[in-house]
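The structure appears right after this line, and notes come after that.
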Amino acid sequence: MDNEFTYDPEDLERLLKEKSFSELLPEEKAFVLQFVENDLEYDSMRETLESLIAVPSMEEAISPKAATKEALMAAFSAKTVENQKEEREEKTGFWAWLWNTNKTILYRPGFQLASLALVLVSVFYIATFSPIDRTAQVIKKEPSPKESTANESKKEERKITLESVTEEEEEEEEEEVKAIDLITEPITLVSEKDIEESTLDLNEAPELDQLEGILLDGSKFEIEDKKIEREADEIEQIKENNTKFNYQETESYTEIIITDVILENINADKTTLIYDARETTGNMASTPLNKTEVSSTMFSKSRNSLAASDVSLSDISINIPIKASKYSSLLSKLYTAQ
Amino acid sequence: MAVKDIYKELSDEELMDLVKKSDSNAFSAIYDRYAKMTLNFFYKMLWKDREKSEDFVQDLFMKIVNKPELYNSSRPFKTWLFSVANNMCKNEYRKAEVRVSAAPEIFASAITKSSNTGDKKIDKDAFIGELDEALKEMDQVKRSTFIMRFKQGLSIKEISEVLECSQGTVKSRIFYTIKHLNKKLGHFKNIACLTLLLNTLI
C-alpha cells in the first residue's frame with residue numbers, strides 16, 4: 001500500500017530508463033503494473049524509449065543559413081542606430097529641455113512657464129472683472145424658433161385681415177399700415193439708469209404663465225378694423241406729445257408683448273397697475289414708465305388678491321398715460337380679448 | 001583572450017542585458033548559441049519544412065532585435081526563448097487548421113511530401129518516418145513536450161517552465177507519449193541495437 005505514496009506516475013520514465021522489469025523491486029513492480037498491462041509491455045516500452053533517446057543522433061541536424069544571421073545582424077545594427085538617434089533627440093530636443101528630469105520640478109522650464117501663465121491669466125481676470133458692470137448688462141436674447149414661427153403666423157393673419165378690408169376703406173388701410181410700422185419701430189434699449197430706478201419686482205409677478213397664455217395665443221385676438229382709425233389718431237397724438245422719447249429708427253421689425261403685471265395700492269376704486277412690456281426680440285421696453293391706474297372693477301377677486309390674468313388689455317389701454325409706452329398702448333388696442 | 005571568447009563565457013542572461021544595451025557582439029553570441037537549436041525545434045514542429053523553419057528562426061530573433069525588453073532577466077533565457085518559439089508554433093498550427101479546413105487535399109499532400117523526404121530503405125529511416133507520422137497524430141502539447149524532451153534535450157524542469165505547468169504534468173505526459181509511441185512503433189524492436197551498431201561503425 002505504501003507503494004502508492006512512494007512512487008508517482010511521472011517516475012515511470014526514470015524506471016524505464018534505469019531498470020528492466022526483472023530488475024525492478026517487488027514494490028516497484030507493483031507500482032509499474034498499475035500503468036502497464038504486463039512485463040512484456042514494460043520491456044517493450046523500455047526499448048521504445050531507448051530508441052527515442054537515440055533518435056536525435058540518428059537524425060541529421062540542420063544548421064541555419066549564413067544569410068539569416070547576416071540579415072539579423074544588419075537589422076540589429078539599424079535598430080541600434082535608430083535607438084541612438086532617439087536617445088539623442090530625447091536628450092537634446094525641445095521636450096527634454098522643457099521637462100528636464102535631471103532638475104527638481106521647481107527648476108524645470110515647463111513648470112516655470114506654466115506657473116507664469118497661470119499668474120498672468122489670474123491677474124488679467126482680476127483686472128477685468130467688475131460685478132457692477134456685469135449686473136448692468138442687459139442680455140440680448142435672440143427669439144426662439146418657436147417664437148419666430150408664432151410671430152410670423154400672427155403677421156400672416158394680420159395681412160390676411162388687412163386684405164379683406166374693402167376698397168372704401170383704403171384710407172383707413174394706409175393708417176393701419178402706419179400703425180403696423182409704428183409697432184415695428186426700432187428697439188429701445190434699457191439704460192442702466194432705468195434699471196436702477198425700476199420698482200418692478202419680477203419675482204412677485206402673479207399668474208405670469210396664465211397671462212402669457214392669453215397674450216401669446218393669437219387665436220384669441222383679432223384686429224378690429226373700426227378701431228384702426230382711432231388708433232391712428234392716437235398715434236399721431238403720441239408722436240406729438242411724446243417728443244422726449246428718441247427712438248432709434250431702423251428697418252427691423254419687432255412687436256411688443258406685455259409679460260408681467262403687478263398690482264399695487266389695491267382699493268375699491270382704483271388699482272395701480274405696473275406692467276412690463278417686452279419686445280419679441282427679448283429687449284425690455286421702457287420698464288420704469290409702464291405704470292398706470294386702472295379701475296378695480298377690471299379685476300376679479302381671487303382669494304385675498306386680484307387676479308391680473310383677468311385684466312382686459314383693451315380696457316387697460318384706455319387709462320395708460322401716453323408716456324408709459326406707446327408700444328404697449330397700441331398693442332393692447334390692436335389685440336382685444338375675445 | 002579574444003572579445004568573442006569573452007562573450008562565449010557569459011551566461012544567457014548577461015548576454016541579454018548587453019543586447020538591451022545594443023551590444024551587437026552579445027546578440028551574435030546569443031544567436032550562435034540558440035539558432036541551430038531553435039531551427040531544429042521548428043523543423044520538427046513544423047512538418048520538417050526547412051524554409052518555414054528558417055523564417056521562423058529569423059522572426060524569433062527579430063523579436064529580440066526589435067524588443068529585447070520583452071525578456072525578463074529574472075527568468076532563464078532558454079526557457080523564455082522556447083516559450084516564444086512554442087507559441088509561434090501554436091499560432092502556425094491554428095493557421096494550418098484553417099488552411100486544412102479550406103483546402104484539405106492540398107495541405108495533406110504538402111505534409112506528406114515534406115514528411116517523406118527521408119529514405120525508408122533501412123529500418124532507421126523507416127523508424128524516423130513512422131515516428132514523425134505518430135507525432136503528427138498527437139496533439140500539439142504532447143508533441144512539443146516530446147520534441148523538447150527527446151530531440152532538444154531540455155530537462156523536465158525547463159519544459160515545465162516553457163509550457164508553464166508542473167514537472168509532474170510534464171513527466172506524466174512523457175510517460176503516456178512513450179506508451180502511445182510504443183503501440184505505434186513496437187515492431188521496431190531492434191532499432192536501438194541498430195543505432196548503436198551504426199554509431200559504432202561510423
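Please treat every number below as a calculation from the coordinates, not as lab data. Here the structure is a predicted model, which means the values were calculated and not measured. Reconstructed Cβ throughout: ideal geometry from the backbone, glycine too, with neighbour counts over all protein chains shown.
Per-residue mean of foreign Cβ neighbours for B:24-31 is 3 (Cβ atoms of other chains, 10 Å radius). Think of the range B:3-96 as having a plus end and a minus end, set by charges on the Cβ of Lys, Arg, Asp and Glu; of B:27, B:58, B:41, B:41 sits farthest toward the positive end of this dipole.
Mind putting a number on the dipole of the range B:51-100 about its Cα centre? Charges go on the C-beta only, +1 for Lys and Arg and -1 for Asp and Glu, and I need it in Debye to the nearest 20. Let's see the in-between values first.
Details: 9 positive and 7 negative charges, 46 e Å.
Charge dipole, the range B:51-100, about its Cα centre: 220 debye, nearest 20.
Using the Cα centre of the range B:3-96 as the reference point, and only Cβ charges (+1 on K/R, -1 on D/E), how large is the resulting charge dipole? Debye, rounded to the nearest 20. Spell out each step's value before the answer.
Values: 17 positive and 15 negative charges, 86 e Å.
With Lys and Arg at +1 and Asp and Glu at -1, about 420 debye.
Pairwise Cα distances in the range A:6-107 exceed 22 Å in 64 percent of cases. Spatially, the range B:18-32 and the range B:135-153 are offset by 30 Å when compared through their Cα centroids. The share of Cα pairs per 10 Å bin across the range A:50-122, counted from zero up to the longest distance, runs 15, 19, 16, 14, 12, 10, 9, 4, 1 percent.
Under the simplified labelling scheme, the residue B:97-residue B:70 pair shows an inter-label distance of 2.2 nm, with each label point 7 Å from Cα along Cα→Cβ. Compactness ratio for the range B:3-96: Cα radius of gyration over 2.2 N^0.38 Å (N = residue count) comes to 1.09.
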